[in-house]
Amino acid sequence: MIQILAASLSPLPSIPLGITQEGNWFLQNAWLIPLIPALSFIGILFFGKRLPRGGAELGVAALLIVFLLSICTGFAWMDHRDNFHGEEISQVLTTGEHGEHGEHGEHGEHGEHGEHGEHGEHGEHGEPSLAVVNTTTWFITGGVEFSVGTLVDGPAVMMLFVVTLVSLLVHIYSTDYVAGDRRYTHFFAFLSLFSASMLLLVISENTLQLLVSWELVGLCSFALIGHWWEEKENSNAALKAFLTNRVGDMGLLIGVTILFFASGKMIPDSFGSFSIATTNALASSGLLPHTTLLIAACCLMAAVMSKSGQFFLHTWLPDAMAGPTPVSALIHAATMVVAGVFMIARLYGVFFEGFSIGGSSINLMALVGGFTTLVGACLAFVQRDIKKVLAYSTISQLGYMVMALGVGAWTAAMFHLFTHAFFKACLFLGSGSVAHSVHSFDMKSDMGGLRKVMPHTFRTFIIGSIALAGLPPFAGFWSKDEILVGTGGWGIMGGTGGNGSYTFMLVMGMITAALTAAYMTRCVYLTFFGEFRGHGDPHESGPRITVPLWILAVLAIFAGFLNLPKGFQLVPESLQERFGHYVEPVAGYFPKISHATPSWSLAIISTIVVVTGIAVAWNYYFVKVEKASKESGQSLTELPDGLTTRLVIARMGHTLLVNKYYLDHLYTGIITRAVKEPIAELAYRSNQEILDRTVDTFGRTAVKVGQFNYNKIDQTVVDGFVNASGRISSDSGEELRKIQSGKVQSYAAILFAAATILAGLLIVIV
């Protein structure tokens, strides 16, 4: 249990956690935000079919309410951040073995960690803010306290806004996209529960609560990906997503358990602690052994790799495109896949110290993230399905975020998560708008030339593509460039600072930027240019689809201005780095990280790299393919004599990408056959040899017992007794009938004889 203590009054050393129980009403009652869509889920599930719009109105209303609450919570946090005056909560530490670390608790009134970088102070605006914690004891058993509660700080407030906004737009979009669906009501029910689960994860105060919400997110994704479960592809995709995530979730469970017991060793009279603030503060202060943190970080990293689609546990994410497009948008922009990134950010003290991020040149997290960016970008080139292009793009961008966290660029990672949510949701919903019109997701066979008949979808898709490519001044440029700056591997380009020299990560980020620009140029050409290759009469979508697209497109343009780099002369200094000012955690539960100095030379070089990627793809598709199409009189999607036909190496590389690095073959051909088939065979044999034989034996025994009961007991005993009773009654009746003459004198004589006999017996006895 977190204790409110004054370090000077405590006989034991203590460590400030950087949290408080004082705060605005909205900060204290943030638990209402996940509760309302959860109640909406119940209402839709039980009463939705009786409502005029099948329950969709409940889902939309619930998300609108929580979106407004999130905005109010955001303003409350900004006021709290700038003007906080209150009492900090400290955690009592044990003496003895770790008593020498007592100085870590003597950080002054609010701790040394409240003043890292430029974001720890607020100048004239008061003291450093503290995260607002509100907890309630659930139950206590075996000396372990299980509590539920909320932890509201900058990253939580940011995620509340992102999740509620994107979820609200997806709900509105879905009212048109899935209209007439056979399970319309159930779709909106699980859509609401999906949002509620993610919102609960965002504000979880402890790792146990985070684990529960983490699993709820996975469960909802299974239900929504497999919404059209009658089709084998959809059911297989849902099962693959569910099982792949369960593999990683074992790592989360082990990691949480390790941290629980490790934290408990530092707290007197405590078996362990699930508190996120306590765990982070102990890790950041050097009070937990490095080996313990490294093992825990590796286990947690497995969960991140599965949930956030990092190589080599990424294969479920493209297959998940089998589900409805609104689900794809929600998964890829604001919920499931970003849960892993958020978990790293939330437990960053564990990862920062466990992987020794500060001052390093490489570590597991940075390597996995950097490699994933390239893997995803390369695979996006060979996809025919527009949603799978965006799915592999998401994998690549998630790699950017994980890489940023791996190099210590925490704020850059969160900023990219923020901007990516808007332009990726815009792109996914745009792809759904196209598919809704042409009834297909195949860019090569069923699209082309759609810019003329779908102007709103085309323009918003272009905006999202430019933002994803990272061209200034769109949102993706500012967040991507901040990640590249954060690598610290760019001294030759005029910058200094950062948490290490991750030059290799910088190179991988640059290559990925070029690839991203190129494959999105390909996607735009195949979808909107050339001649229409499909069937039917494509048309623009209705306002319930296009209005959310334009809202997201506007955010994809302007969201980047919320974190303009320091020294940007075109805006006042008060508007520079505002995202980091309000979002980056402060005080005791966050590690002391260094912020790299922005470099305009790096920004120029990265822009040139992006323009080069666009130029190469433009020359191939808009020039060469377009010319070949006019000469042949057909709408071509590639050159008939391209590199893959002329060069063996290019053809081998293309085959490798088409087969997804043969990872799916590995899973289906080796893992499935080595695991699934033996298990299936064992289950079959168990059913045939054990269960069926047991049932048959019981059946035969029951038949024999029944026959014995019928022949021996029922026929002989029961029926014999009944028949004998009947015969006795019949004979007695015949005898009694003889004395029934109907004369009163005869009955009186019988009674007199009986009375005489009875009187004689009484005389003898007495």
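Nothing in this text is a laboratory measurement; each read-out follows from the coordinates by a stated rule. Keep in mind the model is a prediction, meaning the values are calculated, not measured. Cβ placement follows ideal geometry from the backbone for every residue including glycine, while neighbour counts extend to all protein chains displayed.
Please rank D481, D664, fewest neighbouring Cβ atoms within 10 Å first, as an exposure proxy. Mind dumping the intermediate values first?
Working: D481 26, D664 14.
Neighbour counts put them in this order, fewest first: D664, D481.
Is it possible to state the helix-based mean residue ellipticity at 222 nm for the chain, with each DSSP H run of 4+ residues giving -39500 (n - 2.57), the sum divided by total residues, to the nearest 500 deg cm²/dmol? What is it?
Details: 30 runs with 456 residues, N = 766.
Estimated from H runs of four or more residues: -19500 deg cm²/dmol.
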Report the residues of the stretch 171-208 in range of a label on T257: point 7 Å along Cα→C-beta, backbone N strictly under 20 Å from it. 206-208
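Could you compute the net charge surrounding F428? Neighbours are other residues with a C-beta less than 14 Å from the C-beta of F428; K and R count +1, D and E count -1. List each step's numbers first, then the result.
Working: positive: K387, K388, K424; negative: D385.
Here the count lands on +2.
Once the other residues with Cβ under 14 Å from the Cβ of F698 are scored (Lys, Arg +1; Asp, Glu -1), what is the net sum? Could the numbers behind the result be given before it?
Numbers: positive: R693, R700, K704; negative: D692, D696.
Residues near F698 contribute +1 overall.
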Quick one: go through the stretch 625-651 and flag any residue whose amide nitrogen is under 17 Å from the point 7 Å out along the Cα-to-Cβ line of E531. 625-640
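Want the number for L239 to N709: 0.36 nm per residue separation, take away the alpha-carbon distance, what's left? Walk me through the numbers on the way to the answer.
Numbers: separation 470, 0.36 × 470 = 169.20 nm, distance 5.00 nm.
Extending this stretch completely gives an extra 164.2 nm.
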Quick one: Cα centre-to-centre distance for the stretch 142-182 and the stretch 403-419, in angstrom? 21
Give the lysines reachable from K712 as a straight Cα distance under 24 Å; neighbours fewer than 8 places away on the same chain don't count. K704
Could you sort 55-61, 275-281 so that the peptide with the highest average Cβ count within 10 Å comes first and the rest follow in order? 275-281, 55-61
Here FRET efficiency (C-beta to C-beta, W25 to D82, R₀ 22 Å, nearest 0.05) is 0.80
Only sites in a loop by DSSP and with at most 10 other Cβ atoms within 10 Å count here; which GluC sites (Glu not before Pro) in the stretch 174-239 make the cut? E230
Hey, got a sec? Which trypsin sites (Lys or Arg not before Pro) in the stretch 174-282 land in a DSSP loop and have at most 16 other Cβ atoms within 10 Å? R182, R183
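Given a Förster radius of 35 Å and the C-beta distance between A755 and V717 as r, what FRET efficiency does 1/(1 + (r/R0)^6) yield to the nearest 0.05? List each step's numbers first, then the result.
On the way: r = 42 Å, r/R0 = 1.19.
In this case the efficiency is close to 0.25.
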Placing +1 on each Lys and Arg Cβ and -1 on each Asp and Glu Cβ in the chain, then taking the dipole about the Cα centre, the residue among F194, T325, L364 whose Cα reaches farthest towards the positive end is T325
Using alpha carbon centroids, what distance separates the stretch 241-296 and the stretch 436-489, in Å? 39
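Relative contact order for the chain: what is it in percent, counting Cα pairs under 8 Å that are at least 6 residues apart?
On the way: 1343 pairs, mean separation 98.1, N = 766.
The normalised contact order for the chain reaches 13 percent.
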Packing-wise, with mean Cβ within 10 Å as the measure, how do 340-347, 251-258, 533-540 rank, highest first? 340-347, 251-258, 533-540
Placing +1 at every Lys and Arg Cβ and -1 at every Asp and Glu Cβ, with all other atoms neutral, what dipole size does the chain have around its Cα centre, in debye to the nearest 20? 3100
For the stretch 342-486, just say rounded, prolate or oblate: build the C-alpha gyration tensor, square-root its eigenvalues into a ≥ b ≥ c, call rounded for a/c under 1.5, and beyond that prolate if a/b exceeds b/c, oblate if not. prolate
Spin-label zone in the stretch 232-273 - amide nitrogen under 14 Å from a point set 7 Å from the Cα of T291 along the C-beta vector: none
In terms of the charge dipole of the chain, which places +1 on Lys and Arg and -1 on Asp and Glu at the beta carbon, the residue among L208, A753, N659 farthest towards the positive end is A753
